[in-house]
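Rule-based calculations on the coordinates, nothing more; no lab input. The structure displayed is predicted, hence computed values, not measured ones. Methodologically, a virtual Cβ is constructed for each residue, glycine included, from the backbone with ideal geometry; neighbour enumeration extends over all protein chains shown.
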Amino acid sequence: MDAICRRGENMDKIERKIEAIIDAHAKELIEFAEDIYRHPEEGFYEERTAAKVADFLRGLNLKVHTGLARTGVRADWMEQDGPNVTIIGELDAIGCREHPMADSVTGVAHACGHHAQLAAMIGAALALADEEVRASLSGSVSFFAVPAEEYIDARKREKLAREENIGFPGTGKSELIRVGAFDHTDIALTTHVHMVPVEEDLYLGNPSCNGFSSELVIIRGKAAHAAISPWEGVNAVNIAASAMNMIGLMRETFRDDEHVRVHSLVREGGEVLNSVPDKVVMEEKVRAKTLKGIEDAKEKIDRAFDAAAMAFGGKIIRKNLQGYMPVRVRKADSALVEAARDLGATYREVELTDHNNASTDVGDLTHLMPVLNFTFRGFEGSLHGADFRITDTDTAYILPAKMLALTTYKLLRKNAAQAREILREFEPVFDREAYVRYIHSRTE
């Protein structure tokens, strides 16, 4: 659906001021985004990025909290009565060593557009922190730069838990939920570059997205001389190969409506060629549309490894790792649609049948609170690919900033009528305590 009204014809005085403030700082926002782009950092270790965000928000005279889930930065004002809207930006980059802007040591690059999110978030903060704009809101606003949206592998998780005291080291938002950093959030507002094929400037709402479960699989065999007496050994590599073959053959048993995806990665696969390899270490990830679909697919994968080990006389040791919950579908709220129309942007609204096969830890948030989301264009190349780059700074940095700010204003103006209606209608799956218990039950 395209916007059909003329740009800005229904905007009030405050909305026009919001847009004018962001336009006046456009060059600053672009420079901010490009600086983050040139200095990518990996999840839970985004020290430079977090410091830059914190410094900017302090300059707006906001109360800034740092060190949340190690590098998270939250700035807010909480003195105004009414609902709290939390605008979220993600700090981390994705592993992509072939990207031209990849960090030479860590191999991460901003090949997923998180730097654009941060520019949009601080752009919204610039406008909403204005004294007149702030006075027009019947509620409070927070700006939350969060760590570690991208997948954290098993080795790093162990280090984070052991050395950094991160209780849920698989995902930044989950750890922030655990420590109570979202306790004062009533409505979350998120954005991202387009993750599904969309030609319009904006894609409004939250399509359903796959969640996933992951595990560390240690395959133990028995070493023996590979030439003299291979029959005395148990080949762990052969067990791994057999399990992966079985997984490939069972793909037809996965339900189409669950959008199941299985990913296997060998971390260790034997040490010397003239001995029967006695140890293989793998990570497995199983994606699906629902929590039940994830559990059903994971059970099949586990059976494949157990059966292969039994056939060869080996042993499987597994450690369940935390995944992401599926994103609960949410159609475009009126505040998002009104903002897009006011800005004269082309847009398409999420349909209940839309689905994204990728995963994001925003899914965890959708089980606890309303999450209003939109995605935007302004880039070329593939997500997580070496060819990803921003090509239209206005569409990728400035338009999302205006969308975040205007949507927040529409939610909280007039006694926060739209925000209150959203909260009345929302039914959470978990509160924080129940969520923490659920995660523990799946990782112990």
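Once Cα extents along the principal axes in Å is calculated for the structure shown, the corresponding label among (1) 65, 55, 39; (2) 85, 41, 39; (3) 58, 53, 38 turns out to be (2). Comparing Ile21, Ile36, Ile398 in a Gaussian network model of the chain (Cα springs below 10 Å), the most mobile by mean-square fluctuation is Ile21. By other beta-carbon atoms within 10 Å, ranking Ser242, Ser382, Ser140 with the fewest at the front produces Ser382, Ser242, Ser140.
Annotation for segment 127-223: GluC sites (Glu not before Pro) lying in DSSP loop with at most 11 further Cβ atoms inside 10 Å of their Cβ are Glu199.
With contacts taken as Cα pairs under 8 Å and at least 6 residues apart, segment 22-92 reaches a relative contact order of 29 percent. Across segment 81-166, Cα pairs under 8 Å and at least six residues apart give a relative contact order of 41 percent. Largest GNM mean-square fluctuation among Ser334, Ser213, Ser174, using the chain with Cα springs under 10 Å: Ser334. Placing R0 at 45 angstrom, the Cβ-Cβ distance between Ser104 and Asp12 gives a FRET efficiency of 0.35 after rounding to 0.05.
Too long at a 31 Å Cα-Cα cut-off: which of Lys173/Lys402; Lys292/Lys331; Lys17/Lys289; Lys285/Lys410; Lys173/Lys222; Lys300/Lys331? From the list (Lys173/Lys402; Lys292/Lys331; Lys17/Lys289; Lys285/Lys410; Lys173/Lys222; Lys300/Lys331), the Cα-Cα distance tops 31 Å for Lys17/Lys289; Lys285/Lys410; Lys173/Lys222; Lys300/Lys331. Among the trypsin sites (Lys or Arg not before Pro) in segment 1-101, those placed in a DSSP loop whose Cβ has at most 13 other Cβ atoms within 10 Å are Arg6, Arg7, Arg97.
Each Lys and Arg Cβ is given +1 and each Asp and Glu Cβ -1; about its Cα centre, the chain then shows a dipole of about 900 debye. The calculated 222 nm mean residue ellipticity attributable to helices in the chain amounts to -11500 deg cm²/dmol, summing -39500 (n - 2.57) over DSSP H runs of n ≥ 4 and dividing by all residues. Listing Asp130, Asp306 from fewest to most neighbouring C-beta atoms within 10 Å gives Asp306, Asp130. Taking the chain as a Gaussian network of alpha-carbon nodes connected by springs under 10 Å, the highest mean-square fluctuation of the residues Asn235, Asn274, Asn84 belongs to Asn274.
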